[in-house]
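Reading through the structure tokens given below for one structure.
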Amino acid sequence: MLWFDCDYNKGCADEIMERISAMNDERYIGYGEDEICEKAAEKIRQAVGLPDAYVKFLVGGTQTNLVAITASLRLTEGVIAAKTGHIYVHECGAIEHAGHKVIDLPSHNGKLDPEEVAEYMKHFYADSTYPHMVKPAMVYISHPTEYGSLYTKDELKRLHEICETYKMKLYVDGARLGYALGAKNCDVTLKTLGEYTDMFYIGGTKMGALFGEALVIKDKTLLPDFFSIMKQSGAVLAKGWLLGAQFDVLFTDGLYEKIGRRAVELALTMKKGFIEKGYRTYMDSETNQQFFIIEKKKLPELEKNVSFSAWEDFDDDNKIVRFATSFATTSSDVEELLKLI
């Protein structure tokens, strides 16, 4: 079986497993207060260009989004997201369950249009009844998006300006951030995120870690109660050093970026092969997620040998299908897939 259904269907990068195995007989302080977590946090601070950033390690993406948004918003406040955004579609109402409305705006290949955000905020405050309404206090984006699309530096800068104008926070979900950094035409770097966002997270689960995300917080007003909110949300891992160790490895010798670049290169090879065989792309993704339009009648035969994600109907006869590469994908995997299609 060839595995292209997601980017977290295998354990972890060999370097991470070797590190955890080597640590197994050691003893560490709990709850992420150990020296391994601090060492990893310092490497991340240097990488993002924020020497005073608060870095916390959490287990998974939904958990990280929930904690970050809960810590940022009052109960009367909501968060703007694209209609295809992860917190709006695929997190089972976690944000709403915490008491915060997710305000959906149109999705453009997975992205928010900054000017549509500005227009929404203009009309919101032009309504004299706005004190009776949920106040937008955060803009949520993911980079890359659910469709593998990328924000540009200018778009990120514009969203930052809008957020400053309306006293909102800008938060970036970086579950697949390494695959954005690995894209050839991406002009957003870790330092760009450090400059233009209030907080963002660096995904590990989908980037070669066993599990784990690194949340980077620039907004110091959130810090006094942040650990308590993590604890209340069930987001404090007792054996926190397991998270710190993984990010220490990922941020040693450029491993994080290497994993991203390699997976993207394989994804683009895959896309080229599909196109040469006459398949249409649903959109022009530059990252590890590739979307193709495939006849529904072809899928049962393909499913016998390939695991992939049937995304949504394109029309009555065709399906949008996602194939994702990861740290575990090999050149031979891609070659075999192209033979099967």
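The values are calculated or read from the model by the stated rules, or taken from the named source; none is laboratory data. Treat the numbers as computed from the prediction; the structure is a model and nothing was measured. Neighbour counts are summed over all protein chains in view; Cβ atoms, including those assigned to glycine, are modelled from backbone coordinates with ideal geometry.
Going through TYR120, TYR31 one at a time, which residue ends up being assigned by TED's automatic domain parsing to the domain that holds ILE229 and on the phi > 0 side of the Ramachandran plot?
TYR31
Of all residues in the stretch 114-156, count the ones that are among the charged types (D, E, K, R), over 30 Å from GLY203 (Cβ atoms) and assigned to a helix (DSSP H, G or I).
Selection size over the stretch 114-156: 2.
Could you please give the count of residues in the stretch 245-300 that are of a type in the set (Ser, Thr, Tyr) and over 28 Å from ASP187 (Cβ atoms)? Write out each step before concluding.
Initially, the stretch 245-300 is screened for residues of a type in the set (Ser, Thr, Tyr), giving 252, 256, 269, 279, 281-282, 285, 287.
Filter again for over 28 Å from ASP187 (Cβ atoms), leaving 279.
Adding up the residues that qualify gives 1.
Residue by residue through the stretch 160-195, note down the ones that are under 22 Å from LYS135 (Cα atoms) and not aliphatic (A, V, I, L, M).
HIS160, GLU161, CYS163, GLU164, THR165, TYR166, LYS167, LYS169, TYR171, ASP173
Being within 27 Å of THR189 (Cα to Cα) and of a type in the set (Ser, Thr, Tyr) is the filter here, so list the residues in the stretch 1-47 that pass it.
Within the stretch 1-47, TYR8 is the sole residue that qualifies.
Please pick out the residue among THR152, THR189, THR165, THR129 that is β-branched (Val, Ile, Thr), modelled with pLDDT of 95 or more and within 21 Å of TYR282 (Cβ to Cβ).
Of the residues listed, the single one that is β-branched (Val, Ile, Thr), modelled with pLDDT of 95 or more and within 21 Å of TYR282 (Cβ to Cβ) is THR152.
Which residues, taken from the stretch 211-261, are closer than 22 Å to LYS43 by Cα, charged (D, E, K, R) and at pLDDT 95 or above?
Those that are closer than 22 Å to LYS43 by Cα, charged (D, E, K, R) and at pLDDT 95 or above: GLU213, LYS239, ASP248, ASP253, GLU257, LYS258, ARG261.
In the stretch 160-215, how many residues are under 21 Å from PRO51 (Cβ atoms) and outside any strand (DSSP E or B)?
15
Hey, ALA47 hits all of (1) part of a loop (DSSP other than H, G, I, E, B); (2) in contact with a helix residue (DSSP H, G or I) (Cβ under 6 Å, 6 or more places away or on another chain); (3) of a type in the set (Gly, Ala, Ser) but one; which does it fall short on?
(1)
Is it the case that the stretch 171-186 has a residue that's of a type in the set (Ser, Thr, Tyr), on the phi < 0 side of the Ramachandran plot and free of Cβ contacts under 8 Å to residues at least 24 places away in the same chain? Give the steps one after another, and end with the answer.
Filtering the stretch 171-186 down to residues of a type in the set (Ser, Thr, Tyr) leaves 171, 179.
Next, from what is left, pick out any that are on the phi < 0 side of the Ramachandran plot: 171, 179.
Among the residues that remain, those that are also free of Cβ contacts under 8 Å to residues at least 24 places away in the same chain are: none.
So far as the stretch 171-186 goes, no, none of its residues is of a type in the set (Ser, Thr, Tyr), on the phi < 0 side of the Ramachandran plot and free of Cβ contacts under 8 Å to residues at least 24 places away in the same chain.
Give TYR8, TYR88 a once-over and let me know the one that is without any contact (Cβ under 8 Å) to a residue 24 or more places away in the chain and under 23 Å from the mean Cα position of the chain (by Cα). Write out each step before concluding.
On the way: TYR8 fails: without any contact (Cβ under 8 Å) to a residue 24 or more places away in the chain.
Only one candidate qualifies: TYR88.
Within the set of pairs 6+ apart or on separate chains, which have a first residue in the stretch 325-341 that is among the charged types (D, E, K, R), a second that is at pLDDT 95 or above and surrounded by 12 or more Cβ atoms within 10 Å (Cβ to Cβ), and C-beta atoms under 7 Å apart?
Close Cβ pairs satisfying both conditions: ASP333/LEU2; GLU336/LEU2.
Before we move on, is ILE293 out of contact with any Cys (no Cβ under 6 Å at 6 or more places or on another chain), modelled with pLDDT of 95 or more and within 30 Å of TYR256 (Cβ to Cβ)? Please lay out each step first, then the result.
Details: out of contact with any Cys (no Cβ under 6 Å at 6 or more places or on another chain): yes; modelled with pLDDT of 95 or more: yes; within 30 Å of TYR256 (Cβ to Cβ): no.
In short, no.
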